[in-house]
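Working notes, structure below.
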Amino acid sequence: MDEMIEMTMLEYSDNLDKIYNHFIDELMMIRVGRANPKVIENIKVDYYGTRTPIFQTANITVQDARMLVVSPWDISTLKSIKAGIEAANLGVSISDDGKIIRVGFPMLTEERRREYTKDAKKLLEESKIAMRNARRDCLDVFKEMKKNSEISEDDYDSLDKDVQKTLDSYTAKADVSCEKKIADIMEV
């Protein structure tokens, strides 16, 4: 019995970890006015007939605060990488010299910063919803155990508190990460 409870709690924690890490990855893709390889690394480009993320086809380096340099491993893929970045419609300037692609990030306007802030808050809310769904799924397992008299009412109440405490710690971490991102976005 304890093994079932332990497995359920472990699975719950793993789910919350995955949700939180996905949230952080999505947050990293929001522009903050500085060049960040995360913004373009997952853009899919045509790589010998296969849709492949840029980071698997080229090196992406930060040249300065507002410029990324994309160095394709195979020069023949330069045009498809450039086309993929253009198609992503990120509001960046793109140029190439036949060997590398330069991706310039313009200064963010106040309006754009506010839009990105809204995007960050929306991602936060979506991740919190996913976390609450994970909590519900975990508690459903314990409710079923209580219904089948595998655990007592007191055990269920104790597990409910543990599940909530775990959720609270993850949502607090997500809140802090979101606030940091918003501070970065609003920094001029």
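Structural remarks
- More than 16 angstrom apart: percent of Cα pairs within segment 110-155: 58 percent
- GNM flexibility winner over the chain from 82, 146, 121 (Cα, springs under 10 Å): 146
- Between 0 and 90 degrees, the angle of helix 153-186 with respect to the longest Cα principal axis of the chain falls at about 20 degrees.
- Set 99/122; 18/82; 82/181; 99/180; 38/79 screened for pairs whose C-alpha atoms are more than 30 Å apart: 99/122; 18/82; 99/180
- Per residue solvent-accessible surface (Å²) - the chain, probe of 1.4 Å: 58 Å²
- For segment 1-67, the carbon plus sulfur part of the accessible surface works out to 51%, probe radius 1.4 Å.
- Principal-axis tilt of helix 2-28 within the chain, Cα atoms, nearest 10 degrees: 20 degrees
- Karplus 3J(HN,Hα) series, Hz, for segment 41-52 with 6.51 cos²θ - 1.76 cosθ + 1.60 (x for Gly, Pro): 4, 9, 5, 8, 10, 6, 10, 6, x, 10, 6, 10
- Value in Å of the Kirkwood radius, where segment 16-87 supplies the Cα pairs that are averaged: 13.0 Å
- Basic side chains Lys and Arg get +1 at the Cβ, acidic Asp and Glu get -1 at the Cβ, and with that the dipole of the chain about its Cα centre reaches some 1280 debye.
- Cut-off of 10 Å, at most 12 other beta carbons, DSSP loop: longest stretch of the chain lacking such chymotrypsin sites (Phe, Trp or Tyr not before Pro): 74-188
- Measure of compaction for the chain (Cα Rg per 2.2 N^0.38 Å): 1.38
- Here segment 77-188 is described by how far its Cα atoms reach on the three principal axes: 71, 35, 18 Å, from widest to narrowest.
- Segment 99-122-segment 6-76 distance, computed between alpha-carbon centres (Å): 16 Å
- Farthest positive-ward along segment 67-112 dipole, Cα basis, beta-carbon charges - from 107, 84, 71: 71
- Helix axis angle, 110-147 relative to the chain longest principal axis, alpha carbon, degrees: 30 degrees
The values are calculated or read from the model by the stated rules, or taken from the named source; none is laboratory data. No experiment lies behind these values; they were computed from the predicted model shown. Note that each Cβ is placed from the backbone with ideal geometry, even for glycine, and that neighbours are counted across all protein chains shown. We work out accessible area using only protein heavy atoms, side chains counted, and drop any ligands, DNA or RNA first. Shrake-Rupley method; radii C 1.70, N 1.55, O 1.52, S 1.80 Å.
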